[in-house]
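Derivation of every value follows stated rules applied to the coordinates shown; laboratory data play no part. Being a predicted model, the structure only gives us computed values, none of them experimental. Neighbour counts are summed over all protein chains in view; Cβ atoms, including those assigned to glycine, are modelled from backbone coordinates with ideal geometry.
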Amino acid sequence: MPAERRYRAAPPDALACVPLDALTLVYDRRSAQTHLLATPLPEILAAMGGQWWRISDFAAHLAAEFDLTGDSAAEAPAADQRAVIAARLHELAQLGLVEAR
Amino acid sequence: MRHSIRISVGPAHFRIGSDWREPLAQLAALYATYPSATGSANATVHLFAARPWRRFLRPAVHIGGDFTIPDALPLPLSMGLLAAEMAMNLQMALGWRRHMLLHASAVERGGRALIMSGQSGSGKSTLAALLGESADWRLMGDEFTLIEPLSGDALAFPRPVSLKNQAIAEMTARVAADRFGPLLTATPKGDIRHMVPRANALAAMRRPAVPALILFPRFGADVAVQRIGPSELFVRLTEASTNYALLGEPGFASLSRMVQTVPALAISYPDSASGLALVEQLWAEALA
């Protein structure tokens, strides 16, 4: 069975981030590309810090940081949350803002 | 190149070489009242014959310079002036690195700049030309506005205004005949006539202005005004810039600062008179 994929955000000094009204501008100094990110991508980048994350660990970290484990009946099940976070990390990896291995 | 002249427009200093004398004589006449170019050229333009023998048989002007588009339309020699203008625009759009280039017109009043961006036909050039004829405003440019990356200042590029089709009659009715170049009929863009900016625009062409309002005009609809938020403004201005990506982080820093500090509006207007009134009203509100 292959090892679970892990993700790490670009180092902070590689990016210049400017939050605007609806979007956050992100300039990547390594590629000289400008990205416009909608929420929650900037928040995910910031929450990743400098470490490598497995999806399940990062989902738990986000749940704790953003209080996603409330008692609301409308809460998405944990498996759905993990799928959403995996999709967002994949998008960030395609932009080159997150490393995957 | 057998013939050459030098022309200074804002911070640009062109050296224009040509296989023929006629287009350069027309250019020299059009730019006769511009401040003279001193120092070394920072943009080069060539007007050349496709093959040497064509210079005599069936003269056609190809354009080139530091940058060349291989398939750029050859124009008959009678349109040498238009070819020269296209070549100078091409050099600015593709070759200029010192400033962020916006495909936008601009006018200045009290040290502040009103920048107007839009596609051909939006009325940005005509509005700027009309404002430039009124006592309170200085025309900074009808086609390109340069942004200094560190300061965010707008720099002028007051080439002769390229009037097209209906705008020709609108301006010839108001402006002295000696400020117009020859009427160029049936060009690929329709009828074109160049108008030399008012003397105040040429005298102050190297004086920067602080951007105070950005408008995206649309000619031909009822009067409407819509505010544009910073992120939409960022997208629109990167689309309007020919060299944003080339400037790297200084360009990013400059543009992201500009969209947070300069208000922007999309406006529609049915005719020049109501467009001018709307611009004056929005300018007063922006500075209030």
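Shown is the FRET efficiency for residue B:276 and residue A:57, computed with R0 = 56 Å from the Cβ-Cβ distance and rounded to the nearest 0.05: 0.35. Shown for chain B is the translational diffusion coefficient from the Stokes-Einstein equation, using the Kirkwood radius over Cα pairs, a temperature of 25 °C and a viscosity of 0.890 mPa s: 126 µm²/s. Annotation: amide H of residue B:37 within the under-5 Å range of B:8, sequence separation 5 or more or interchain, hydrogens built in the peptide plane.
The value given for segment A:6-100 is a Kirkwood hydrodynamic radius of 13.9 Å, derived from the mean inverse Cα-Cα separation. When the Gaussian network model of chain B links Cα atoms closer than 10 Å, the mean-square fluctuations of B:272, B:36, B:125 top out at B:36. What 222 nm value per residue comes from the helices of chain B, counting each DSSP H run with n ≥ 4 as -39,500 (n - 2.57) and dividing by all residues, nearest 500 deg cm²/dmol? When only DSSP H runs of four or more count, the value is -9500 deg cm²/dmol. For the protein assembly as shown, the extents of the C-alpha atoms along the principal axes are 79, 52, 36 Å, listed from largest to smallest. Proximity of backbone amide H atoms, modeled 1.01 Å from N, is registered between residue B:191 and B:165, B:186 at under 5 Å, excluding neighbours fewer than 5 places apart on the same chain. Helix content alone sets the calculated 222 nm mean residue ellipticity of chain A: runs of n ≥ 4 DSSP H residues at -39500 (n - 2.57) each, divided across all residues, give -11500 deg cm²/dmol.
Between amide H atoms placed 1.01 Å from N, distances below 5 Å from residue B:112 occur with B:210, all of them 5 or more places distant or on a separate chain.
Per-residue Karplus couplings for segment B:88-94, computed as 6.51 cos²θ - 1.76 cosθ + 1.60 with θ equal to phi - 60°, are listed in order as 5, 4, 4, 4, 5, 5, 9 Hz, Gly and Pro entered as x. Which residue, B:189, B:124, B:164, tops the fluctuation ranking in a GNM of chain B built on C-alpha contacts under 10 Å? Looking only at B:189, B:124, B:164, the largest GNM fluctuation is found for B:189. Annotation for segment B:19-46 versus segment A:1-25: alpha-carbon center distance of 50 Å.
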